[in-house]
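Student: Have a look at this one before I ask anything.
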Amino acid sequence: MGIVKRCFQAFLILAAAATLAACGVVAAPVRVTSATVKVVPVAGDVVAAPLDVSADVID
């Protein structure tokens, strides 16, 4: 019974780590889009601001 408990605990730790790591994966496209939009001379920073906030919320 002890080995089952240890395996379950290890599974929970790995599942938590995978869930937390997935946040960065989800935020990556938003950050790339934001960086791409910032290249536009006049409106880039204005358009990128909500994208930056969205990426911060995801993280």
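Each reported figure results from applying straightforward, stated rules to the coordinates on display, with no laboratory input. Note that the structure is predicted; figures quoted are calculated from it, not measured. Glycine also receives a Cβ, built like all others from the backbone with ideal geometry; neighbour counts cover every protein chain displayed.
Student: If I filter region 26-41 for residues that are loosely packed, with under 12 Cβ neighbours inside 10 Å, under 17 Å from the mean Cα position of the chain (by Cα), in a helix (DSSP H, G or I) and β-branched (Val, Ile, Thr), do I get at least one hit?
Tutor: yes
Student: May I ask you to list pairs of residues, at least six apart or on different chains, whose Cβ atoms are under 7 Å apart, with the first in region 31-56 being among the small types (Gly, Ala, Ser) and the second being outside any helix (DSSP H, G or I)?
Tutor: Gly44/Lys38; Ala48/Lys38
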